[in-house]
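Written out below as C-alpha cells is the structure these notes cover.
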Amino acid sequence: MAHCAKPSYHSRPLMSRHDFQIPVLFKHRIVFTRNAFAPENPALAEILAEGGGRRALVFLESPVATAWPGLAAAIHAYFQPLGLEFCGTLEFPGGEAVKSDSTLVEQVWQAIDTHHIDRHSYTLIIGGGAFLDAVGVAVATAHRGVRLIRFPTTTLSQDDSGVGVKCAINGFHKKNWIGAFGVPFAVINDLDFLNTQTPAANRAGLIEAVKVALVKDRKFFEWIEAHLTDLAALEPAALEHCVKHSALLHAHHIATGGDPFETGSSRPLDFGHWAAHKLESLTDYALHHAPAVAIGVALDTLYSERCGLLDPAAAARILRVIDELGLATYHPALDWTDATGQRHVFTGLDEFREHLGGELTVLLLKDLGTGVNVNHLDRPLLGQCIDLLRSR
Ligand SMILES: NC(=O)c1ccc[n+]([C@@H]2O[C@H](COP(=O)([O-])OP(=O)(O)OC[C@H]3O[C@@H](n4cnc5c(N)ncnc54)[C@H](O)[C@@H]3O)[C@@H](O)[C@H]2O)c1
Ligand SMILES: [Zn+2]
C-alpha cells in the first residue's frame, strides 16, 4: 500500500520571487545661450512649452542678483507672455556656507509649499554650484522631486556641476553627504553670467575642464595647452569654448557611460576629488572646491607618475597647465596630522570609498586623456608626492 504522506510545511514553495525591469528614460536638455531672459530669446520659452506645466518659481542667488541689477525684473517680464503662472523670484544667499546645514533647504521647501509648486510646475535655480546644490536638494525632495531648470552662473557650475545629475549638501563633516540623483528638466548655460565673477574664480573653475580632458579627451587637453595664455587672460572666445566642450564631455559621460546614478564603484569624473573633498572639509570649507580640485588633480597626477603609470613628461605638462591657470598645487592641510602622525587627508580615501560603497576605486592617469582605475593607493608614496608638491 502506497504511503500517503501528510502535506508538510516544506511541501509548499519556499518563496516566490518576481523580478521586473523598469526602464526609465530621461531627456537631458542642455542649452548654451546669452542673455537668456531677453524677451526675444526663445530658449527658455521653448523648454517650458515642451513640458506644459502650471507654474514657475525662481530661486536666485543674491550676489548674482547684485551683480546683475535688473535681472529679477527681466525674469518677470520674460514670463508675462508665457501661458503659465509666474510665482515670482526669491533671493537667497549662496556659496559653500549654504551647504553646511539644512536652513536653505527648509526655506525652499517652505516656498515650494507656499506657492503650490507641484510636479508639473517648474523651479528655476540661478546661481553658482553651491547654490544649485543646496536648492537642488530641496527641489529633488519636495513632492519627491519637482521639475528643475538650472541656470549655472559660475565657470565651474557651467563647465561641470550644472550639467550633472546630482545635488547635495554637506553633513557629518563630510562633503556632499546628504543629497539625491536626478536629471534636471533642463540646463541653460547663459554665458553672459561668466562676466561678473572675480577673474581668479573664473580661471579656477576651468580646473574641471582640465580634469575631464585628462580622463576623457587628449585632444581637448592639447587644445587647453595651446590656448593657455588666452584662457588665463579669460579671453571670451577661448573661455566659452572651454566651458562648452567641458560641459558636453561631462554630459556625454553621464548619458553614455552606463552608470549615470553611480551605482558602481567607479567615478571617472571625480579624478583628483578624494583629496579635494577632504581638503575642503578639513579647512572648514575655507578652501573652495575649484582650488581644492587643482591640488587633488596635481596630487593624483604626481602619484600616477611615481607609481609608474604616467610618463613624467606628461605629468609635467599637467602641472604646468594648473600653474598657468594661477592655481596652487599645495595647501598646508595636506600635512595636517592626527595624534599618531597620520595625515588627516588620507581619511579622504576611506570617505571616498564609503560614499559609493564597494571597493575603493580611484581613477589615475596612464596617459593624457586616458584613466585607469586602481583599488589601492600607497600612503607612503602619496606622502612623497605631497613632499614634492610642498617643495615646488
Ligand atoms: N552636484 C555636482 O555634481 C557638483 C559637481 C561639482 C561641484 N559641485 C559643487 O559646486 C560647488 C562649487 O561651485 P562654484 O565653484 O560655482 O562656487 P560657489 O557656488 O560657491 O560660488 C562661488 C562664489 O561666486 C558667487 N557667484 C556665483 N555666480 C556669480 C556671478 N555670475 N557673478 C558674481 N559672483 C557669482 C557666489 O555667490 C559665491 O560667492 C561646490 O559645493 C561643489 O561641491 C557639485
Ligand atoms: Zn568637482
### Query
Hey, rough spin-label estimate for Ala49 and Asp19, points 7 angstrom out along Cα→Cβ, what's it come to in nanometres?
4.5
### Query
Using a simple charge model, +1 on the beta-carbon of Lys and Arg, -1 on the beta-carbon of Asp and Glu, nothing else, what dipole does segment 180-280 show about its Cα centre, in debye to the nearest 20?
260
### Task
Just name one of Phe20, Cys87, Leu71: the one whose Cα is farthest towards the positive end of the charge dipole of the chain (beta-carbon charges, Lys/Arg +1, Asp/Glu -1).
Phe20
### Query
Out of residues 5 or more away from Val372 or on other chains, whose amide H comes under 5 Å of its own, with H placed 1.01 Å from N in the peptide plane?
Leu364, Leu365, Lys366
#### Entry: Charge dipole (debye, nearest 20) of the chain; +1 at Cβ of Lys and Arg, -1 at Cβ of Asp and Glu
1140
### Message
Give me a comma-separated list of calculated 3J(HN,Hα) values for segment 376-384, in order, Karplus coefficients 6.51, -1.76, 1.60 applied at θ = phi - 60°, integers in Hz, x for any Gly or Pro.
### Response
8, 10, 7, 5, x, 5, 4, x, 5
### Query
How far, in nm, would the chain grow between Ala38 and Thr263 when pulled straight, counting 0.36 nm per residue and subtracting the alpha carbon separation?
77.0 nm
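At a 10 Å Cβ-Cβ cut-off, how would you order Thr123, Thr337, fewest neighbours first? Don't skip to the answer; put the middle values down first.
Working: Thr123 27, Thr337 11.
By the 10 Å Cβ count, ascending: Thr337, Thr123.
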### Task
Enter the Cα centre distance for the pair segment 134-199 and segment 46-108, rounded to the nearest angstrom.
13
### Under-5 Å amide H pairs with Ile30, H placed in peptide plane, nonlocal only
Val187
## Note on the structure
Fewest-first ordering of Thr198, Thr103, Thr301 by Cβ atoms within 10 Å yields Thr198, Thr103, Thr301
### Task
Give the shape of the chain as rounded, prolate or oblate, defined through the alpha-carbon gyration tensor: a ≥ b ≥ c are the square roots of its eigenvalues, a/c under 1.5 means rounded, and otherwise the shape is prolate if a/b is larger than b/c and oblate if not.
oblate
## Note on the structure
Listed with the fewest Cβ neighbours within 10 Å leading, Arg320, Arg147 appear as Arg320, Arg147
### Message
Could you give each residue of segment 70-76 its phi-based ³J(HN,Hα) in whole Hz, using Karplus coefficients 6.51, -1.76, 1.60 with θ = phi - 60°, and x for Gly or Pro?
### Response
x, 5, 4, 5, 5, 5, 4
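Values quoted throughout were computed directly from the atomic coordinates according to the rules given, and no laboratory measurement underlies them. Since this is a predicted model, take the numbers as computed values, not measurements. In this analysis, Cβ positions are derived from the backbone assuming ideal geometry, glycine residues included, and neighbour counts consider all displayed protein chains.
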